[in-house]
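The values are calculated or read from the model by the stated rules, or taken from the named source; none is laboratory data. All figures in this text were calculated on a predicted structure; none of them were measured in a lab. Quick reminder, even Gly has a Cβ in these numbers, built from the backbone with ideal geometry, and neighbours come from all protein chains shown.
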Amino acid sequence: MGDVLKPKQLGEPYSPWENRNLPNALAKVRDSRGAIRFVERYGLLGYDQLVPLTRFDEPNQRVGGDPLPWVLAHAAAVRMAIHLIAGLSWKDEQLIRDTLTNHQTFVNVNGKRRAGFLLPQGTDIKFVEFFRPPDTSAGFRDLATHLVRKLVNDNTTGIRFALSRRAAGVLAWAMTARALVDCIWWMVGEMAVAGSDEGGHAVRLCEECGMPFRVTHARQRFCPPDQFSKRSLCEARRHTRQFRQRQREKEGS
Ligand SMILES: [Zn+2]
């Protein structure tokens with residue numbers, strides 16, 4: 001399956017449930033460099049935790065690591081899903097159509113070229129044929145809804161409530177995930193529901209990089225920062241560029 005990511009060093013521990021930014025961060029991964037950066041910061045997506053144990057397996061003999069093509073497939077699917085969610089929330093039909101066009105791939109089945117999508121399902125990546133919907137906005141909205149629902153449902157089977165110990169002698173229900181990738185897809189689902197309930201108040205496109213993000217406070221205009229930093233990288237990039245532009249204008253005048 002090609003390269004396997006197995007970082008030697010991992011970042012500080014954090015609680016993924018408290019970081020609404022994770023789908024946005026994974027959606028930005030487009031190559032091996034981006035994948036390595038993501039894994040070093042947020043941890044492995046957890047391929048080996050999703051592979052079912054066979055009776056010949058010794059759990060402690062598992063070698064671990066995420067196959068790079070698999071990480072890139074999940075990243076691309078999250079990117080597709082959050083763009084569709086943004087299109088649905090804003091009732092932006094063009095965004096939905098463009099997203100579907102950008103993400104479709106073609107395969108040859110018995111000598112015939114077929115259009116479809118590569119949709120991750122746990123450890124598998126499946127080709128799902130694209131049946132062009134009736135050319136109406138409802139048709140495209142329905143297809144977008146269907147794809148988001150399928151992706152989220154297929155990839156959150158490891159989410160469940162389990163009892164956890166809140167303090168000595170105190171129990172509470174806590175949401176648990178088998179692997180980080182389950183948790184990220186759950187957040188994609190949360191974003192989809194918030195987009196349905198609150199429309200454009202819940203989902204925006206970053207003014208710097210165009211990536212959709214989950215709005216957590218009203219004045220947010222850029223991809224949110226991760227939990228280790230206070231400032232959004234996209235906001236910082238925008239300010240640096242504006243600063244340089246002003247410098248150039250001053251020098252030019
Ligand atoms: Zn951004």
Residue under question is Ala162, and the condition is that it be without any contact (Cβ under 8 Å) to a residue 12 or more places away in the chain, of a type in the set (A, V, I, L, M) and more than 19 Å from Gly43 (Cβ to Cβ); does it hold? no
Sole miss for Thr240 among (1) in a helix (DSSP H, G or I); (2) modelled with pLDDT under 90; (3) of a type outside the set (A, V, I, L, M, F, W, C) is condition (2)
Is it the case that region 222-237 has a residue that's more than 16 Å from the ligand (Cβ to nearest atom), assigned to a helix (DSSP H, G or I) and either modelled with pLDDT of 90 or more or under 14 Å from the mean Cα position of the chain (by Cα) (or both)?
no
Arg132 passes all but one of the listed conditions (1) part of a helix (DSSP H, G or I); (2) farther than 30 Å from Gln49 by Cα; the exception is number (1)
I'd like to know if region 175-192 contains one or more residues that are within 16 Å of the ligand (Cβ to nearest atom) and surrounded by 12 or more Cβ atoms within 10 Å (Cβ to Cβ).
yes
Within region 1-34, of all residues that are exposed (fewer than 12 other Cβ atoms within 10 Å of the Cβ) and assigned to a helix (DSSP H, G or I), the one modelled with the highest pLDDT is Arg33
- Query: Is it true that some residue in region 137-157 is out of contact with any Lys or Arg (no Cβ under 8 Å at 6 or more places or on another chain), aliphatic (A, V, I, L, M) and within 16 Å of the ligand (Cβ to nearest atom)?
  - Reply: no
**Asked** Hey, does region 99-107 have a residue that's part of a loop (DSSP other than H, G, I, E, B), under 19 Å from the mean Cα position of the chain (by Cα) and among the hydroxyl-bearing types (Ser, Thr, Tyr)?
**Response** no
All conditions in (1) modelled with pLDDT of 95 or more; (2) farther than 18 Å from Phe117 by Cβ are true of Ala168 except (1)
Across region 197-221, the tally of residues that are in contact (Cβ under 8 Å) with a residue 24 or more places away in the chain, within 9 Å of the ligand (Cβ to nearest atom) and not charged (D, E, K, R) stands at 5
The correct count of residues that are farther than 21 Å from Ile184 by Cα and in contact with a strand residue (DSSP E or B) (Cβ under 7 Å, 6 or more places away or on another chain) in region 112-132 is 8
Scanning region 176-193 for residues that are without any contact (Cβ under 8 Å) to a residue 60 or more places away in the chain and among the hydrophobic types (A, V, I, L, M, F, W, C), the one farthest from Arg231 (Cα to Cα) turns out to be Val193
field: Flag if Gly122 is over 17 Å from the mean Cα position of the chain (by Cα) and either more than 20 Å from Val203 (Cβ to Cβ) or not hydroxyl-bearing (Ser, Thr, Tyr) (or both)
entry: no
